[in-house]
Amino acid sequence: MRALVIDDSRTMRRIVAGILEGLGFETEGAEHGRAALDLLEGGLDVQLCCVDWNMPVMDGLEFVTEVRARRDWRHITMMMVTTEGEQGQIVRALAAGAHEYLIKPFTPDAVRGKLDLLGLLPIEELA
Amino acid sequence: MSTIVEHDQVFLIAQEVFASMIDGDPGLLQPWTGDLPEFEEPIVAWVDLSGDWAGRAELLTATATGHDLARALLAMEPDEVVTALDLVDAFGEVANVVGGNVKSLLPTQGKLGLPQVAPVAPVVPGAVVVQELRLAWRGMPLVVTVLGFVPADEEGTAGGDIR
């Protein structure tokens, strides 16, 4: 499986990608929503997007909304990975089309738990 | 006196951030005991919060400690050179996560700015210190400060000390 990690912080992209790679994902990175859309429009096929909220150029909420508007990207699961922890923000993200929500800071086990809920853990991880 | 964000809440946030993102162990960030030494080549990372409650979450440390934080966050070798970009990205992200979690404690909805890193944070006239935590990360001093930006006609109502 392949995942796209979208965060303006290279540090956070490294942390999230490192956890996902440990779970068997191949990963790509993008520094904001627009760069991520460019990758998807260029033909990058991913099963999962991990999306930060606050980013320059295009924020995570706009990105989720754009992806959800495209029928050919309906198979992509989107998980917000953000410091925006208030209930109202979580509701906004889920209403825009995000499937799951992970609040920073998080542990590798928390990522694994969310992916398990989403049915996105590789078979060997489930065994 | 009760303030909008309590000391212990900020400490728990900082400890959780450092444990989850850097150390895997909450015990490596502890209150600083004794007088705080002067920071050699200080560096500050901060995020501003805007909305009904406006303020700032700020982390201050020595540049050498910032380099150690960046190496830990970016999985660099102990002797690997930390660039200015590495430092801004890594130290800024720590401030971003601390600030985002402070924002979630506020009773009002607000907006989080993007993280900034510089030798000195810009002064906001009338800003009050809501909480200041003197901490030791792996024995090195680090200060976490939450500031409230009080409108001029409400100065003295945030329960902090004017900076």
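The values are calculated or read from the model by the stated rules, or taken from the named source; none is laboratory data. Since the structure is predicted, the reported quantities are computational estimates derived from the model, not experimental observations. Ideal geometry is used to build each Cβ from the backbone, glycine not excepted, and the neighbour counts take in all protein chains shown. In case anyone asks, the SASA skips ligands and DNA or RNA and just uses the protein heavy atoms, side chains included. Shrake-Rupley method; radii C 1.70, N 1.55, O 1.52, S 1.80 Å.
Taking only Cα atoms, what is the 0 to 90° angle, nearest 10, from helix B:7-18's long axis to the longest principal axis of chain B?
That works out to roughly 30 degrees.
Amide H neighbours of A:His32 under 5 Å, at least 5 residues apart or on other chains, H built in the peptide plane: list them.
A:Asp7
In Å², rounded to the nearest 100, what is the total accessible surface buried by chains A and B against each other with a 1.4 Å probe? Show your work: numbers first, answer last.
Values: alone 6390 and 8500 Å², together 13090 Å².
Counting protein atoms only, the buried area is about 1800 Å².
Nearest 0.05, what FRET efficiency do A:Ala110 and B:Asp35 give at R0 = 35 Å with Cβ-Cβ as r?
Efficiency at R0 = 35 Å is approximately 0.40.
Taking the full set of protein chains and a 1.4 angstrom probe, give the accessible area of B:His7 in square angstrom, rounded to the nearest 10.
The value for B:His7 is about 80 Å².
What does the C-alpha gyration tensor say about the overall shape of chain A? Classify as rounded when a/c is under 1.5, otherwise prolate if a/b is larger than b/c, or oblate.
Details: a/c = 1.34, a/b = 1.17, b/c = 1.15.
Rounded, because the longest to shortest axis ratio a/c is under 1.5.
Taking the Cα centre of the range B:11-163 as origin and charging only Cβ (+1 Lys, Arg; -1 Asp, Glu), how large is the dipole, in debye to the nearest 20? It would help to have the intermediate numbers written out before the result.
Working: 7 positive and 22 negative charges, 72 e Å.
Computed charge dipole of the range B:11-163: roughly 340 debye.
Using unit Cβ charges (K, R positive; D, E negative) and no other charged atoms, how large, in debye to the nearest 20, is the dipole of the protein assembly as shown about its Cα centre?
700 debye
For chain B, with the dipole built from +1 on Lys and Arg beta-carbon atoms and -1 on Asp and Glu ones, taken about the Cα centre, which of B:Ser20, B:Trp137, B:Ala70 lies farthest toward the positive end?
B:Ser20
Along the positive direction of the dipole of the protein assembly as shown (beta-carbon charges: Lys, Arg +1; Asp, Glu -1; about the Cα centre), which of B:Val10, A:Thr11, A:Pro122 reaches farthest?
Sorting the options by dipole projection puts first A:Pro122.
Only four residue types carry charge here, +1 at the Cβ of Lys and Arg and -1 at the Cβ of Asp and Glu. Report the dipole size of the range A:1-84 about the Cα centre in Debye, rounded to the nearest 20.
200 debye
Please check the range A:53-87 for residues whose accessible area, probe 1.4 Å, is lower by 50 Å² or more when all protein chains are in place than in their chain alone.
A:Asn54, A:Thr83, A:Glu86
Can you sort B:Glu80, A:Glu41 by 1.4 Å-probe accessible area, starting with the largest?
A:Glu41, B:Glu80
Once the other residues with Cβ under 13 Å from the Cβ of B:Glu77 are scored (Lys, Arg +1; Asp, Glu -1), what is the net sum?
Taking every Cβ under 13 Å from that of B:Glu77, the sum is -3.
Over the range B:1-102, with every protein chain in place, what whole percent of the accessible area is carbon and sulfur at 1.4 Å, could you tell me? Display every interim value, and only then the final one.
Working: 2430 of 4530 Å².
Answer for the range B:1-102 is 54 percent, counting heavy atoms of protein chains only.
Treat the protein assembly as shown as a sphere of radius equal to its Kirkwood radius over Cα pairs and apply Stokes-Einstein at 4 °C in a medium of 1.567 mPa s; give the translational diffusion coefficient in µm²/s, rounded to a whole number.
Diffusion coefficient, whole number: 65 µm²/s.
Taking the Cα of A:Ala95, stepping 7 Å toward and past its beta carbon, and measuring to each backbone N in the range A:38-61: which are under 17 Å?
Answer for the range A:38-61: A:60-61.
Return the sequence-ordered ³J(HN,Hα) values of the range B:33-38 in whole Hz as given by the Karplus equation 6.51 cos²θ - 1.76 cosθ + 1.60 applied to θ = phi - 60°, using x for Gly and Pro.
10, x, 6, 7, x, 5
Given a Förster radius of 45 Å and the C-beta distance between A:Leu44 and B:Ala136 as r, what FRET efficiency does 1/(1 + (r/R0)^6) yield to the nearest 0.05?
About 0.55, to the nearest 0.05.
At a probe size of 1.4 Å, how large is the accessible area of B:Phe18, to the nearest 10 Å²?
Solvent-accessible area, nearest 10 Å²: 0 Å².
Mean-square fluctuation check for chain B, GNM, Cα pairs under 10 Å: which of B:Ala118, B:Ala57, B:Ala127 is largest?
B:Ala118
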